[in-house]
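All of the numbers you see were taken from the coordinates with simple rules; none came from a lab. Here the structure is a predicted model, which is why all the values come from computation and not from measurement. Backbone-built Cβ (ideal geometry, glycine too); neighbour counts: all protein chains shown.
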Amino acid sequence: MSHTRTPLLDRVAGPQDLKPLTDRELSQLADELRQEVISSVSETGGHLGSSLGVVELSVAIHAVFNAPADKLIWDVGHQCYPHKILTGRRHRMSTLRQKDGLSGFTKRAESEYDPFGAAHSSTSISAALGFTVGRDMGMPTGDAIAVIGDGSISAGMAYEALNNAGAEGRRLFVILNDNEMSIAPPVGAMSEYLSRISQVGPMPILDAMAKDMERFLPEPMRLGAQRAREMVTGIEGQGTFFEELGFDYIGPIDGHDMGQLLSVLRAARTRATGPVLIHCCTVKGKGYAHAEGSSDKYHGVAKFDVASGVQAKSKANAPSYTTVFGEALTQEAARDPRVVAVTAAMPSGTGVNIMADRFPARVFDVGIAEQHGVTFAAGMAAAGLKPFCAIYSTFLQRGYDQVVHDVALQKLPVRFAIDRAGLVGADGATHAGAFDIGYMGALPGMVVMAAADEAELAHMVVTAAEYDEGPIAFRYPRGSGTGVEMPDRGEVIEIGKGRILREGTDVALLCFGTHLAECEMAAAMLEAEGISVTLADARFAKPLDMDLIASLAANHAALITVEQGAMGGFGAFVLQAMAAKGLLDGSLKLRTMCLPDRFIDQASPAEMYQDAGLTAMDIMSEVSRTVKHDTTLVGFPGRA
């Protein structure tokens, strides 16, 4: 009678089930886990390549350390799918990145095994150091382990944390996951440095414990460790960059060799007294040929067929806003050699790769360094160039001090192309572009525009290129446009001037941005109900078109603003400006519609806007409540 062997993964309900497994069984578990990740993501889409790169590392960490008492912190968190499966969430992986499902990142509210939420890069070492201080001050927490990628460690915040952690000298583990590939190929001196030292050979944790460690290492590593005590970078007597900061350095080690991983992690956990950096070399997309052979290593994928690797294609007929921006920018660059572009590790995500293909010397990828990128652009503007700083709304938040101090205060004409404005879908609250209207509009001299459709975006690229009186920003969402006819080239929009698309007499809808399509649907439904609607596209949140606003206020019973941004944005600007101009009187009913005062979890964009109360039906309902059908419209301003 034959017996089918139960897969090891089926025997794992949590990290404690890894403890009794042999090293060979842990290797087998990693193989099963990799296939599980591929299968799961093929059905949901998500961050595949990064998760495949840390399968063995995830197994080894959970086998050696004692989560959740020990705090495992994944930088960014987009590589945490194996970790989620090992920590009791395997049965929910089919809900990944969907409404009411698992987050695509680590999330404190989701599991005790996620001690610190993430989604933006380079925060893990700082958080881990915070946990170590808590431990040393008597809080109920064990060791802290930060896993950070070679792209993330190049950011300024990671350097700050390394410097502080080295000076503190507390027991702390930083695992550098070096796959030589962030979303885009990593750039900069740190990436080159890591590539060089990864070719030197294995290195010990520190002189005092190296000899004790060596007995845990395979023979080739043992000999390499002996050499490394005297030669680290090839220059006698010089330590690694990390050692100079006060870290004990181990590595580089093969992040897909379970024997090496377990030996090093066990030795480090047993012997370490201060901060330790373990340099682990991995392959993004490891174990799935279609990912390993892809230029982006399947960093972010749609649903796909496992056998062929073919991803599901979007059914949209219109080009994406990102593509429209990239093509319009390239067109302006062809007309003006002063046009340059800056991005922070997101050339394809922001569309500047289109310009880079044609004008590579005028596109600058600064890596995950938004602060530097903004000031770098400011310097180029001061030199007389025309920089377009293309950064997602959620990531531009990281460079806000530089926007204030280095751009706005000096009135430098930096053009901010703010992609992923509004709610973005599966990436959830961490990537929502909810706040840029307010934080950019608060700055003196800043011009803030929002494109209502892809043709308007083309106009705003040209407008920004031609504007040289100070900083200017334009925002647009993720996804496809509305399918409007595109101009051969955009036209310059008069600064601070909106437009009216539909004339009515009862109610005015004043929209800022791409929610104009929802407003158009709401206007049509209201007209069917006998309510006459004026629909206006503000185009500008700053400076506001006060002539337009005054006219709408004087000639309608109600004025309702609509935006894809948080409280304190466009609607607040309109209210404050109308109050200052004395336009708020008892005859006008004024309402603002914006995102609610809470974070909205991942779902489809349509579901998220429904949650936010910003659908066409919500707009219609707000108008109906404002006008009140139990009172006659006769006698309202503008009603003959």
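Below is a table of values for the structure above.
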read-out	value
Contour minus Cα-Cα distance for Asn66 and Met139 (0.36 nm per residue)	24.7 nm
Loop GluC sites (Glu not before Pro), the stretch 402-475, which have at most 12 other Cβ atoms in a 10 Å radius of their Cβ (DSSP)	Glu469
Computed label-point distance, nm, for sites Ala579 and Phe599 using a 7 Å Cα→Cβ extension	2.9
0 to 90° range, to nearest 10: angle between helix 156-168 axis and the chain longest Cα axis	40
Neighbour-count ranking [beta-carbon atoms within 10 angstrom, fewest first] of Met567, Met620	Met567, Met620
Sequence-distant residues sharing a close amide H with Lys386 (under 5 Å, placed H)	Val339, Val340
Rounded to 5, the percent of DSSP beta bridges in the chain classed as antiparallel	15
Theoretical FRET efficiency, 1/(1+(r/R0)^6), r = Cβ-Cβ of Ala334 and Arg499, R0 30 Å, to 0.05	0.60
Set of lysines near Lys497 by C-alpha distance (under 16 Å), chain-local residues within fewer than 8 positions excluded	Lys542
The stretch 493-548 and the stretch 556-618: distance between their alpha carbon centers, rounded to Å	13
Helix-only CD estimate at 222 nm, as mean residue ellipticity for the chain, using -39500 (n - 2.57) per DSSP H run (n ≥ 4)	-10500 deg cm²/dmol
Residue-span extension gain [Ser314 to Ala550] - 0.36 nm each, minus C-alpha spacing	80.7 nm
Which of Ser294, Ser314, Ser27, Ser308 has the fewest Cβ neighbours within 10 Å, and the rest in rising order	Ser308, Ser314, Ser294, Ser27
Volume in Å³ per residue [convex hull over Cα atoms, computed for the stretch 374-433]	67
Between 0 and 90°, nearest 10: helix 570-580 axis offset from the chain longest Cα axis	40
Long-range amide H partners of Thr534 with built H, under 5 Å	Gly504, Thr505, Asp506, Val507, Ala508, Leu509
Relative contact order of the stretch 1-136, defined on C-alpha pairs under 8 angstrom at six or more residues apart (%)	24
Full-stretch length increase - Met617, Glu25 - with 0.36 nm per residue and alpha-carbon distance subtracted	207.5 nm
Förster radius 45 Å - calculated FRET efficiency between Ser39 and Arg489 (Cβ-Cβ, nearest 0.05)	0.45
Distant-in-sequence amide H partners of Gly117 (H built 1.01 Å from N, under 5 Å)	Arg108
Förster radius 56 Å - calculated FRET efficiency between Arg625 and Arg5 (Cβ-Cβ, nearest 0.05)	0.30
Separation in nanometres of the label points that stand 7 Å from Cα toward Cβ, at Thr270 and Ala606	5.8
Contact order relative to length of the stretch 372-458, as percent, for alpha carbon pairs under 8 angstrom and 6 or more apart	28
Label-point separation, Ala167 to Val306 (7 Å along Cα→Cβ), nm	5.1
Fraction of alpha-carbon pairs over 22 Å apart in the stretch 499-627 - percent	30
Inter-centroid distance (Cα atoms) of the stretch 145-170 relative to the stretch 102-125, Å	17
Coarse-grained scattering of the stretch 287-419 at q = 0.14 Å⁻¹, given as base-10 log I(q)/I(0) from a Debye sum over alpha-carbon atoms	-0.69
Using alpha-carbon coordinates, inclination of helix 370-382 to the longest axis of the chain, degrees	60
Note, ³J(HN,Hα) from phi for the stretch 251-262, Karplus 6.51, -1.76, 1.60, rounded to Hz, x at Gly and Pro	x, x, 10, 7, x, 10, 9, 4, x, 5, 4, 5
Normalised contact order of the chain, rounded percent, pairs of Cα under 8 Å and 6 or more residues apart	11
Relative packing of 335-342, 367-374, 61-68, 163-170, which averages over residues the other C-beta atoms within 10 Å, highest first	367-374, 61-68, 335-342, 163-170
Relative packing of 525-533, 84-92, which averages over residues the other C-beta atoms within 10 Å, highest first	84-92, 525-533
